[in-house]
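Asker: Have a look at the structure that comes next, please.
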Amino acid sequence: MKTSIASHLLEKVRAENPLVHNITNQVVTNFTANGLLALGASPVMANAKEEVAEMAQLADALVLNIGTLTKETVESMILAGQSANKKGIPVLLDPVGVGATTFRLKAAKQLLEQVNITVVRGNAAEIAHLLEVDGWESKGVDAKAANGDVSALVKQAAKTLQTVVVITGEVDVVSDGEDVLSIHNGHEWLTKVTGTGCLLTSVIGAFCAAGERPLHASAAALLFYGVAAEKAAQYTQNKGPGTFQMELLNALSHTTGNDVLTLGKIGRNVT
Amino acid sequence: MKTSIASHLLEKVRAENPLVHNITNQVVTNFTANGLLALGASPVMANAKEEVAEMAQLADALVLNIGTLTKETVESMILAGQSANKKGIPVLLDPVGVGATTFRLKAAKQLLEQVNITVVRGNAAEIAHLLEVDGWESKGVDAKAANGDVSALVKQAAKTLQTVVVITGEVDVVSDGEDVLSIHNGHEWLTKVTGTGCLLTSVIGAFCAAGERPLHASAAALLFYGVAAEKAAQYTQNKGPGTFQMELLNALSHTTGNDVLTLGKIGRNVT
Amino acid sequence: MKTSIASHLLEKVRAENPLVHNITNQVVTNFTANGLLALGASPVMANAKEEVAEMAQLADALVLNIGTLTKETVESMILAGQSANKKGIPVLLDPVGVGATTFRLKAAKQLLEQVNITVVRGNAAEIAHLLEVDGWESKGVDAKAANGDVSALVKQAAKTLQTVVVITGEVDVVSDGEDVLSIHNGHEWLTKVTGTGCLLTSVIGAFCAAGERPLHASAAALLFYGVAAEKAAQYTQNKGPGTFQMELLNALSHTTGNDVLTLGKIGRNVT
């Protein structure tokens with residue numbers, strides 16, 4: 001895949017302004033909504049089981065994030081997910097902290113069984129936990145440094161889960177079970193601000209809504225997000241994570257197709 | 001109405017520091033609380049049906065926002081609203097995304113029936129949906145550009161709902177069913193940050209608490225908020241929505257009565 | 001206590017990166033998570049009764065904040081608290097607005113009875129309400145200026161509640177029922193941003209996790225937080241509360257052990 005696909009897709013997202021329905025955790029609602037607006041998409045948040053199916057019918061993508069899950073929210077996610085499946089829009093799953101508790105693992109598996117998921121995005125530990133593979137550590141909802149073979153993990157995960165899988169970390173990888181693409185953008189500051197992973201999942205949702213096949217749409221979103229993070233880091237200088245949070249929103253709004261074209265770094269891993 | 005009323009009321013809000021009780025959506029809690037604090041009012045958030053009636057008794061205004069509604073929250077809103085009515089404080093309704101789902105429309109109508117609402121604030125599409133008038137489009141929780149006669153809509157809405165109604169957009173209008181005032185301040189950046197409408201409803205609540213008749217208090221709040229947004233946009237230059245979000249909080253704190261007096265633009269529409 | 005203890009403990013927190021499990025209010029989730037990350041700790045938020053006990057087993061400290069309490073959350077807090085007690089990690093209680101409603105007061109008392117609390121942090125009015133002592137006023141969730149003898153109050157509270165108690169205000173005081181320490185850092189801007197008290201409680205949690213006795217760990221956290229606030233205020237100049245919110249996150253990340261050593265002001269009150 002070439003960065004020109006990402007560049008083109010970014011412009012398509014901005015032209016089409018897809019509505020992304022998020023059922024997400026309490027920590028990141030504001031940041032996610034502002035990030036989607038900054039990018040040029042439209043966010044909507046709705047969690048009540050009385051309305052999620054109807055809301056998903058209006059949406060162009062649905063994002064399910066298990067960050068501060070309750071029993072009621074799991075029900076809502078299934079209702080929304082099945083409604084989204086009926087409409088044929090992409091459904092994304094962000095298994096936040098899935099390795100931390102049995103409740104999260106059961107919920108994530110239930111979602112994968114009862115909803116047709118298009119893309120799963122997590123850190124290496126989360127994806128490994130979903131597969132019940134050992135050797136990947138996490139701390140609460142954050143991954144420790146990955147030292148295993150992430151390319152093999154992402155490919156295996158995509159095969160097993162029968163979705164596109166994105167693993168983010170120092171290098172981001174994405175696979176549909178056949179191909180593995182690696183994205184070499186992004187910045188360490190992203191680990192210093194809460195919700196940057198959650199927001200990324202919603203950004204991938206917006207790119208998937210714009211219509212490429214999910215493997216390429218995901219890679220395009222990763223390229224865009226990584227380039228935006230690099231630009232944000234430049235403006236942040238060394239001021240701190242408060243400034244970076246603000247500059248990331250600025251950069252999501254300012255990063256152009258041409259930036260993605262020229263600064264994006266994508267590789268294809270043979271595993 | 002002259003801008004001197006708004007200028008005077010702003011100073012009264014700051015002197016009296018009204019307590020605004022918000023039952024609002026998950027996306028905007030932090031931004032709303034910070035915006036009210038910046039203005040010089042006191043925010044309190046409380047949603048549990050076990051405490052909302054008691055909390056409303058302590059408050060000087062109550063704001064009901066249906067953004068991420070649940071069945072439980074509707075109950076709480078009615079309890080809080082009736083408690084506020086007993087105390088005689090203003091109650092504001094923000095019908096976020098009321099056109100998106102049946103659940104939201106039913107909840108909004110229930111609130112309008114069972115609680116004596118002082119002011120309803122929404123975009124044109126939301127207000128039109130409340131009245132079940134056609135021809136106003138929305139996208140999720142955001143309005144598309146209004147191309148109908150907003151002045152006629154706001155007046156009709158105020159008559160039908162028997163409240164003061166505020167419709168925000170490129171021009172803001174407010175009516176009590178007789179008069180229609182239009183406010184020509186504000187900035188396009190407001191549409192790039194989530195929760196600026198929700199926060200505005202709470203700001204109107206603070207102004208209503210300071211005691212003018214709701215038509216004028218609402219217009220005063222719109223003038224203040226619009227002028228603050230213009231000042232924030234100036235400081236933002238073109239840096240992006242992250243910077244604007246921060247600068248809006250700054251401007252809510254710095255905008256003076258004199259700024260409102262000299263920069264506020266208010267008209268009276270004959271419809 | 002000398003500021004060198006605080007300086008040393010800050011470096012220990014950063015080296016150990018404790019996981020702080022927060023069951024907190026909707027308003028401050030994002031700010032709390034970002035503040036803990038900025039400091040160098042790891043935040044996790046989880047509220048569902050299905051998972052809180054398990055999550056607390058992974059954590060190094062647990063923070064219970066009653067800001068937007070529901071009946072369900074009280075249950076979760078007790079489950080999490082008892083799990084934390086079993087593991088032997090510090091448990092902190094932030095009785096936000098406990099004087100505002102009967103529901104909050106009952107919940108706070110229930111938590112104090114059924115969970116072994118290590119540290120309680122509040123403003124003077126909140127702590128007085130917990131003790132049902134008169135003469136301390138609040139406004140919603142914010143304290144009015146304290147004009148009583150805070151040192152006597154904090155000592156009495158620590159004796160009665162049998163926890164370490166922190167009262168924050170113009171001067172912060174902390175007591176274990178025997179000693180009373182006073183911290184003379186901080187900045188008025190802290191009262192202009194929502195959640196700065198809530199975040200502080202979580203920061204105290206991180207310091208308690210690093211292992212000093214709770215009296216000293218609390219004083220150390222207060223010194224660090226107060227010095228960080230002063231540095232943030234310097235960078236904020238007079239721009240406003242939006243800028244201060246951002247600069248506080250920056251300062252939590254940049255404030256060094258040496259800053260705390262040289263700028264911290266701690267006294268010992270004989271009462």
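The values are calculated or read from the model by the stated rules, or taken from the named source; none is laboratory data. The structure displayed is predicted, hence computed values, not measured ones. We place every Cβ from the backbone using ideal geometry, glycine too, and count neighbours over all the protein chains shown.
Asker: Would you check which residues across the stretch A:113-131 are in contact (Cβ under 8 Å) with a residue 40 or more places away in the chain and either within 14 Å of chain C (Cβ to nearest Cβ) or over 26 Å from A:Asp172 (Cβ atoms) (or both) and list them? Please lay out each step first, then the result.
Answerer: Here is the first cut: in the stretch A:113-131, the ones in contact (Cβ under 8 Å) with a residue 40 or more places away in the chain are A:115, A:117-124, A:127.
If the condition is that a residue be in contact (Cβ under 8 Å) with a residue 40 or more places away in the chain and either within 14 Å of chain C (Cβ to nearest Cβ) or over 26 Å from A:Asp172 (Cβ atoms) (or both), then A:Asn123 is the only one that fits.
Asker: Further, regarding this structure: Looking at (1) closer than 23 Å to A:Lys49 by Cβ; (2) modelled with pLDDT under 95; (3) buried (at least 22 other Cβ atoms within 10 Å of the Cβ), which is the only condition B:Glu126 fails?
Answerer: (2)
Asker: On to the next question. Got a sec? Which of A:Lys155, A:Lys109 is out of contact with any strand residue (DSSP E or B) (no Cβ under 8 Å at 6 or more places or on another chain) and either modelled with pLDDT of 95 or more or more than 21 Å from C:Ala33 (Cβ to Cβ) (or both)?
Answerer: Working: A:Lys155 fails: out of contact with any strand residue (DSSP E or B) (no Cβ under 8 Å at 6 or more places or on another chain).
None of the other options fit; the residue is A:Lys109.
Asker: Given the conditions (1) closer than 23 Å to C:Val227 by Cβ; (2) among the basic types (Lys, Arg); (3) at pLDDT 95 or above, report the number of the one that C:Lys87 does not fulfil.
Answerer: Answer for C:Lys87: the failing condition is (1).
Asker: Something else about it: For the stretch A:45-53, state whether one or more residues are within 24 Å of A:Ala220 (Cβ to Cβ), in contact with a Leu (Cβ under 6 Å, 6 or more places away or on another chain) and at the interface with chain B (Cβ under 9 Å from one of its Cβ atoms).
Answerer: no
Asker: Of the residues A:Val174, A:Val193, A:Val203, A:Val165, which single one is within 14 Å of chain C (Cβ to nearest Cβ), in contact (Cβ under 8 Å) with a residue 12 or more places away in the chain and not polar (S, T, N, Q)? Outline the logic, then answer.
Answerer: On the way: A:Val174 fails: within 14 Å of chain C (Cβ to nearest Cβ); A:Val203 fails: within 14 Å of chain C (Cβ to nearest Cβ); A:Val165 fails: within 14 Å of chain C (Cβ to nearest Cβ).
One residue alone meets the criteria, A:Val193.
Asker: Also, quick follow-up: Would you mind stating whether C:Asn258 is more than 13 Å from chain A (Cβ to nearest Cβ), at pLDDT 95 or above and out of contact with any strand residue (DSSP E or B) (no Cβ under 7 Å at 6 or more places or on another chain)? Outline the logic, then answer.
Answerer: On the way: more than 13 Å from chain A (Cβ to nearest Cβ): yes; at pLDDT 95 or above: yes; out of contact with any strand residue (DSSP E or B) (no Cβ under 7 Å at 6 or more places or on another chain): yes.
Judged against the criteria, C:Asn258 is a match.
Asker: Can you tell me which of (1) at the interface with another protein chain (Cβ under 10 Å from one of its Cβ atoms); (2) charged (D, E, K, R); (3) outside any helix (DSSP H, G or I) is the one B:Glu212 doesn't meet?
Answerer: Single failed check for B:Glu212: (1).
Asker: Which count do you get for residues in the stretch C:170-189 that are under 14 Å from the mean Cα position of the chain (by Cα) and surrounded by fewer than 23 Cβ atoms within 10 Å (Cβ to Cβ)?
Answerer: Final tally of qualifying residues: 0.
Asker: In the stretch A:102-112, what count of residues is obtained for those that are away from chain C (no Cβ under 14 Å) and farther than 17 Å from A:Thr163 by Cα?
Answerer: From the stretch A:102-112, those away from chain C (no Cβ under 14 Å) are A:109, A:111-112; that's our starting set.
Checking which are farther than 17 Å from A:Thr163 by Cα leaves us with none.
The qualifying residues number 0.
Asker: Given the structure, is C:Gly267 of a type in the set (Gly, Ala, Ser), surrounded by fewer than 24 Cβ atoms within 10 Å (Cβ to Cβ) and farther than 22 Å from C:Ser42 by Cβ?
Answerer: It is true that C:Gly267 is of a type in the set (Gly, Ala, Ser), surrounded by fewer than 24 Cβ atoms within 10 Å (Cβ to Cβ) and farther than 22 Å from C:Ser42 by Cβ.
Asker: Restricting attention to the stretch C:1-17, which residues are closer than 16 Å to C:Ser202 by Cα and not in a helix (DSSP H, G or I)?
Answerer: C:Asn17 - this is the single residue of the stretch C:1-17 that is closer than 16 Å to C:Ser202 by Cα and not in a helix (DSSP H, G or I).
Asker: Let me ask you something else. Only one of (1) under 18 Å from the mean Cα position of the chain (by Cα); (2) within 14 Å of another protein chain (Cβ to nearest Cβ); (3) modelled with pLDDT of 95 or more is not met by B:Gly99, so which one is it?
Answerer: (3)
Asker: Could you list all residues from the stretch A:25-44 that are over 13 Å from C:Asn30 (Cα atoms) and more than 9 Å from chain B (Cβ to nearest Cβ)?
Answerer: Scanning the stretch A:25-44 gives A:Gly35, A:Leu39, A:Gly40, A:Ala41.
Asker: Restricting to the stretch B:215-255, name every residue that is closer than 19 Å to A:Gly35 by Cα and either in a helix (DSSP H, G or I) or in contact (Cβ under 8 Å) with a residue 12 or more places away in the chain (or both).
Answerer: B:Ala233, B:Thr236, B:Pro241, B:Gly242, B:Thr243, B:Phe244, B:Gln245, B:Met246, B:Glu247, B:Leu248, B:Leu249
Asker: State all residues of the stretch C:10-23 that are more than 9 Å from chain A (Cβ to nearest Cβ) and either within 22 Å of C:Ala53 (Cα to Cα) or modelled with pLDDT under 95 (or both); if no residue qualifies, say none. Step through it out loud before you land on a result.
Answerer: Initial filter on the stretch C:10-23 (more than 9 Å from chain A (Cβ to nearest Cβ)): C:10-16, C:18, C:22-23.
Within the stretch C:10-23, C:Pro18, C:Asn22, C:Ile23 qualify.
Asker: Follow-up. Yes or no: C:Gly226 away from chain A (no Cβ under 14 Å) and surrounded by fewer than 24 Cβ atoms within 10 Å (Cβ to Cβ)? Write out each step before concluding.
Answerer: Details: away from chain A (no Cβ under 14 Å): yes; surrounded by fewer than 24 Cβ atoms within 10 Å (Cβ to Cβ): no.
Taking the combined requirement at face value, the residue does not satisfy it.
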